[in-house]
Every structure is written in structure tokens, then in C-alpha cells.
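A.B. asks: Mind looking over this structure? Questions follow.
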Amino acid sequence: MISPSRLNVLLRSAPKARCINPNITSPSSSYVQQRSIRFFNSMSDPTFTHEFNHSAFKGKVEIPTGIYVNGKWSKSLDKNAKTIDVYNPSTGEVLTSIPEGREADVNEAVKHAHTAFNNVWGLHTPGFKRGELLIKIAELMERDADILASIEALDNGKTFTAARAFDVTESARVFRYYGGWADKIHGKVIETTEAKLAYTKHEPVGVCGQIIPWNFPLLMFAWKIAPAVAAGCTVVIKPSELTPLTAMYMTKLFEEAGVPAGVINVIVGYGNTVGSSLAAHPDVDKVAFTGSTAIGRLVMEEASKSNIKKVSLELGGKGSNIIFEDANFEEAVKYAAQGIFFNHGQTCCAGSRIYVQKPIYEKFVKAFKEATSRLKVGDPFEPTTYQGPQVSQLQYDRIMKYVASGKEQGAEVICGGERHGNSGYFIQPTVFGNVKPDMKIVKEEIFGPVVVVSPFETEEEVLASANDSVYGLASAVFTENISRATRVSAALKAGTVWVNCYNELHPQIPFGGFKQSGLGRELGEYALENYCEIKAVHINVSGKCGIPL
């Protein structure tokens, strides 16, 4: 995660201005679009070529496009399949068009994934070899870090600075971390009697269907694939149709690393076709989904109707950030900004509800408004930009409807609340005050740069407010009192509780939610449980059957 010191540099380097700044940095100076298509291999599959020209990276990048199954690129097997337009969120213009995946392609991918699992992967490849491949992928990602970060900024709209420092770096670390785990996934001997040897084995589940969102395209790709492959599973993964380019580029690195054909298959399509097919497929042994709670319910339903496959879900959130009067004030302000505005607020664990103890409430609101006004919105390739555009027109419209709802329901706009600039999907960082618990902006996940700030008096009061949510993904507590920090973190109903920090993640620490924020855990040793079956083996050494025959 971007460190507080880096955030502080961005805050200091950005020019001081009013909270509403209508000027937008033009993206045209930072990159040159080339919508050229060439043939990628002997199968005549198209490649999208783009020339980057920004301060950190200059060069032409070729990205294969299509359906990636069994190590080969192709168009859809479904003759009715169309193409999917991929947009540049900074301009709203089409970058390229890619072939749409369909159910027939999922069927083909699952077939080849099973073949790979039964012949060249799974228990046929020892853990240390799987680990070597994962670590090699990490090394190739680090080699191509500027390329991957540039693609993320182009395709998703996140800043190159954040993509390079966090998304790419952490994604490579995830592959390396699980590379270390690959030969350490094992069971244990369990003592019973001298007449028996009993032990457990952790075996790979099999073929895994994985569905990932658009907010962290590369990072979610790594979170899903790395533990599955480490455990010995094969994968059919659906990246978001809004942000497919880094996933497609990564297939080049998989091939360079030597991943066998059929182990990792990539199909870009829509949720109601490719996503639904993966969740319902009778030959998919496990499905993993990251996205909204509403779609998570559908994934569970499809999984239960077919073969009752294993399911893990990382879903929505409405993070609470509690700031007590004894907190380190300056750090609390900075972390509160990072907690909500990082990745343009498009973060499931975003601290979108800030609760501040009354004695420092007015002081906090003033300082937080000033800090927010210094966050530069604009061209994601400019080094001093903190917030780029939202990912799409649909997401922009959704966020602005919530902003309008807050105004209509009587909340006070402390800062922002309007469009930023005249093109692209830019929104001003928005802070609401004077809110009521039943307002939509307080209750529902917005998934954008919008935050509500509320005062509180007592610990009991703020805990009731923080836990008054259907979600339970993440929360934070700011206090210098270690007893209070321990007590409050224990009482919060959330899968992650940060104390005196926010939005800090590590490959070795599990991440997941309580309540309607999901099932299972990503990251750490816990994520491997999603991709393993536990087998108990009983060996009779010297026992005799007791039936009197």
C-alpha cells in the first residue's frame, strides 16, 4: 500500500487550491494511442499495440487479445459472439475492441484445465516445481513493472504512481509469497493408538473458476491465481470486461515462465455469460468471486444448483474509521484521506464512514477538508496526480447519483460534490457532513471518492454506529490508548481492523469479511484452504476386526 510518507509527499507537492478545482490536466501529453492491430501468432489472433510516452516509461507495448485457452489465443467458439469495447477512462474514448468470450469457450477451457490437472499439474508436478514457476512469474513482473503499471493506468484510470508502487509491486510479492508456500502444503500425522497410523493429506481441489473485478485488475488476478496454482489447481479466470488488458499481457509472462498449457486459462466476457457459466459448470470444482454482494449471492446460487462446488467470496464493504480525541491528529487526518480516496474510492475496504469524537470534530473537519483539497485530480500519468478518473461512465453515473442523493436528503457538502473537468470520468473528492444514519450515503456502498463524517461522544455509541451495517469487511481505530485500541478492535464486527493506520495490506496477512462481506479469506496461509481438499487416511497396522464371525 502507498505509505503515509508517500501520501504526505503527494499532499505537499500538490498545489494548494479550493476544494472545487474545475481545471483538469490534459492526458494527451502523457501517452500516444496507437490502435494498430497485428497478427499475434500463427493462429492469426490480433494484438493490441499501444505506445506510451510519459515521464516514467516510453515504449511500444503489444498485448495479445482474444480467448486464451490451453496456451493458445483464438476468437470465440460461439459464432454469435461479438466484440467488447475497452475504454480509456481518462478520455471516454475506445482504446480497442476484443473478442467476447461465451459459454462455449468456458466449456472448452474447463475441458483443457481438467486435462492439464490430470496429466501435467496437480499431484503430477511437485510443489517445489510449482513454486519455481510462481517465483519466476514474480521476477518477470518486476522486470516489466513499468509496462504493467502503464497498462493499469491506461485501462483502469488509476495513477501510474500508485499502480507502480502498489498494484504491480504487491502483485509480484503475492506470486513470490505463494511460490514459497507451494512445497509446504501438507497434512499431519494424528495420534490414535499403536495399532493405527493416521494422517491427513492436503490435495488440490481441481479446476477452479475465478471471477475478478475491475478496481484492482492485476492485484485481484494475482490474489486468485497464485494460491490456486501453488496448491496444484488449474484455473479458468474471468477478468472484468472493463479492464482486461493487464490479464492479457500476463499470459505472455506465464508462457515465458514455462507454465504448462491448460493450467491458466483467461476468458474475457460478461458476467451473465462467462461468469454464470463458471459458477454453474458441473466440472468446475471450486469458484472464487470478488465483487458486489448482490452478484455474490447469484454465484452461490449457481454453485449450489450444479455440483455444490466450494465457494469463496470477497464482497462489498462500508468501512468505518473511528478517530478518538487522543489520536495522533495529523496522522489520523492523513490516513483518513488514504482510507477513502486511495484508488479513487473504488476499494471494497474503503473507510467511507468516518466517526470523530466530539472534542476534536470541528478541528478534524477543517483539517480533512484542507487535506482533501490538496489531492490533485487529473491525468493518471502525471507524477503529482493522486486521483485519476473513475473506471467507466456507468460507475461515474452511479457515484454521482449517490452524491445527488446526499444533497437531496439534506447532508452538508463540506467539499467537492461535482464533476471534475469536462471529459473523462473524473469526480471531485467529496466529503459530506451533517448526515443521518438512514441516509443512502451512510448505509450503502458507493465505491467512489465520497465519504461521510459524523461526530460521536462515547465508545459505546460509536461501536453501535460502526457495527450498524450489513457489511463487515474492514474498520479502523485511531487512539494512543492501547487498552482502548484492543477493546474496540475486538468489538468491531469486521474481518480486518487497522489500528492507527488504514488500507495497509500484506501477502502474508489474511483478508476477508464478516456478515455480507463474504466467505473465506484471501492472502496468507488461510487462502490455501480455499484450494485444498483434506483427506484423512487410516492405516491399520496391527488391529484386528472385532466382528464375531
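A.B. asks: Going by average Cβ density within 10 Å per residue, which order do the peptides 138-144, 61-67, 302-308, 384-390 take, highest to lowest?
C.D. replies: 384-390, 61-67, 138-144, 302-308
A.B. asks: If you average the alpha carbon positions of region 448-494 and of region 243-297, how far apart do those two centres end up, in angstrom?
C.D. replies: 35
A.B. asks: How long are the semi-axes of the equivalent ellipsoid of region 43-120, taking √(5λ) for every eigenvalue λ of the Cα gyration tensor, in whole Å from largest down?
C.D. replies: 30, 17, 10
A.B. asks: What lysines sit close enough to residue 79 to cross-link, taking a C-alpha to C-alpha distance under 26 Å and skipping anything fewer than 8 places away on the same chain?
C.D. replies: Excluding near neighbours in sequence, the set is 111, 238.
A.B. asks: What fraction of the DSSP beta bridges in the chain is antiparallel, stated in percent and rounded to the nearest 5?
C.D. replies: Within the chain, antiparallel bridges account for around 55 percent of the total.
A.B. asks: In the chain, what percent of the accessible surface is made up of carbon and sulfur (1.4 Å probe, ligands and nucleic acids excluded)?
C.D. replies: C and S atoms contribute 52 percent here.
A.B. asks: Quick one: which residues, 5+ away or cross-chain, put their amide H under 5 Å from the amide H of residue 159? H built at 1.01 Å from N.
C.D. replies: Under 5 Å from the amide H of residue 159 lie the amide H atoms of 388, each far enough along the sequence or on another chain.
A.B. asks: P(r) for region 113-176: what percent of alpha-carbon pairs falls in each 10 Å bin, starting at zero?
C.D. replies: Binned Cα distances yield the sequence 23, 35, 24, 18, 1.
A.B. asks: Something else about it: About its Cα centre, how strong a charge dipole does region 281-401 have in debye, to the nearest 20, once Lys and Arg get +1 and Asp and Glu get -1 at the Cβ?
C.D. replies: Value, rounded to 20: 300 debye.
A.B. asks: Could you pull the Rg and Dmax for region 347-427, using just the Cα atoms, both in Å?
C.D. replies: Values for region 347-427 (Cα only, Rg and Dmax): 14.3, 42 Å.
A.B. asks: First obtain the Kirkwood hydrodynamic radius of region 241-328 from its Cα pairs, then insert it into the Stokes-Einstein equation at 10 °C and 1.306 mPa s, and state the resulting D in µm² per second as a whole number.
C.D. replies: Value of D from the Cα-based Kirkwood radius: 101 µm²/s.
A.B. asks: Right, something else. Send over the per residue convex hull volume for region 454-540, Cα only, as a whole number of Å³.
C.D. replies: Each residue corresponds to 152 Å³ of Cα convex hull volume.
A.B. asks: Same structure again: Select from 449, 543, 437 the residue farthest towards the positive end of the dipole of region 432-549; place +1 on Cβ of Lys and Arg, -1 on Cβ of Asp and Glu, and compute about the Cα centre.
C.D. replies: After comparing all options, I get 543.
A.B. asks: Right, another one. Hey, can you grab everything whose amide H is under 5 Å from the amide H of residue 454? Only 5+ residues off in sequence or another chain; H modelled, so Pro and N-termini drop out.
C.D. replies: Distant-sequence amide H within range of residue 454: 354, 355, 356.
A.B. asks: Size of the dipole of the chain about the Cα centre, Lys and Arg at +1 and Asp and Glu at -1 on the beta carbon, nothing else charged, in debye to 20?
C.D. replies: Dipole about the Cα centre, nearest 20: 160 debye.
A.B. asks: Cα-based Rg (one decimal) and Dmax (whole number) for region 389-496, in Å?
C.D. replies: Considering region 389-496 through its Cα atoms, Rg and Dmax are 15.9, 50 Å.
A.B. asks: Right, another one. Enter the Cα centre distance for the pair region 71-147 and region 407-421, rounded to the nearest angstrom.
C.D. replies: Result: 41 Å between the Cα centres.
A.B. asks: Additional query: Treating only the Cβ of Lys, Arg, Asp and Glu as charged (+1, +1, -1, -1), what charge dipole size does region 60-196 show about its Cα centre? Round to the nearest 20 debye.
C.D. replies: Taking the Cα centre of region 60-196 as origin, the dipole is about 380 debye.
A.B. asks: Express as a percent, rounded to the nearest 5, the fraction of DSSP beta bridges in region 308-445 (both residues included) that run antiparallel.
C.D. replies: DSSP beta bridges in region 308-445 are roughly 45 percent antiparallel.
A.B. asks: Further question on the same structure: Tell me, what is the percent relative contact order of the chain, built from C-alpha pairs under 8 Å that lie six or more residues apart?
C.D. replies: Here the relative contact order equals 18 percent.
A.B. asks: Ranking request for peptides 187-196, 347-356, 147-156: highest mean number of other beta-carbon atoms within 10 Å first, then the rest in descending order.
C.D. replies: Top of the packing list down: 147-156, 347-356, 187-196.
A.B. asks: Measuring with a 1.4 Å probe in the full set of protein chains, what accessible area per residue, in whole Å², belongs to region 212-300?
C.D. replies: Each residue of region 212-300 exposes 22 Å² on average to a 1.4 Å probe.
A.B. asks: Can you list the lysines whose alpha carbon is less than 16 Å from that of residue 334, not counting same-chain residues fewer than 8 positions off?
C.D. replies: 16, 363, 366, 369, 376
A.B. asks: Restricting to Cα pairs below 8 Å that are 6+ residues apart, what does the relative contact order work out to for region 261-399? Please round to a whole percent.
C.D. replies: In percent, rounded to a whole number, it is 17.
A.B. asks: Any idea which of 306, 219, 479 is furthest toward the positive side of the dipole for the chain, if Lys and Arg beta-carbons carry +1 and Asp and Glu beta-carbons -1?
C.D. replies: Looking along the dipole axis, the top candidate is 306.
A.B. asks: Cα-based Rg of region 108-261 per 2.2 N^0.38 Å, rounded to two decimals?
C.D. replies: 1.16
A.B. asks: Using helices alone, I'd like the mean residue ellipticity at 222 nm for the chain: each DSSP H run of four-plus residues gives -39500 (n - 2.57), total over residue count, nearest 500.
C.D. replies: Helices in the chain give a 222 nm mean residue ellipticity of -10500 deg cm²/dmol.
A.B. asks: Compare the Cα positions of 333, 392, 413 along the charge dipole of region 307-446 (+1 at Cβ of Lys, Arg; -1 at Cβ of Asp, Glu; about the Cα centre) and return the one farthest towards the positive end.
C.D. replies: 392
A.B. asks: Once all Cα-Cα distances of region 266-382 are split into 5 Å bins that start at 0, what whole-number percent is in each one?
C.D. replies: Bin by bin from 0 Å, the calculated values are 2, 10, 16, 14, 11, 9, 10, 9, 8, 7, 3, 0.
A.B. asks: Before anything else, pin down the relative contact order of region 413-456: Cα pairs under 8 Å, at least 6 apart, normalised by residue count, whole percent.
C.D. replies: 35
A.B. asks: May I ask you to rank 114, 538 by accessible area, largest first, using a 1.4 Å probe over the protein chains only?
C.D. replies: Listed by decreasing accessible area, they come as 538, 114.
A.B. asks: For the chain, evaluate the Debye formula with one uniform point scatterer on each Cα (no solvent term) and list log10 I(q)/I(0) at q = 0.06, 0.11, 0.12, 0.13 Å⁻¹, rounded to two decimals.
C.D. replies: -0.30, -0.97, -1.14, -1.30
A.B. asks: Among the lysines, which fall within straight-line cross-link reach of residue 401, defined as a Cα-Cα distance under 20 Å, with same-chain neighbours fewer than 8 residues apart omitted?
C.D. replies: Candidates past the 8-residue exclusion: 318, 436, 440, 443.
The values are calculated or read from the model by the stated rules, or taken from the named source; none is laboratory data. Please read these numbers as outputs of a predicted model, since none were measured by experiment. Every residue, glycine among them, receives a Cβ derived from its backbone with ideal geometry; neighbour counts consider all protein chains shown. Calculation scope for accessible area: heavy atoms of the full protein, side chains included, ligands and nucleic acids excluded. Shrake-Rupley method; radii C 1.70, N 1.55, O 1.52, S 1.80 Å.
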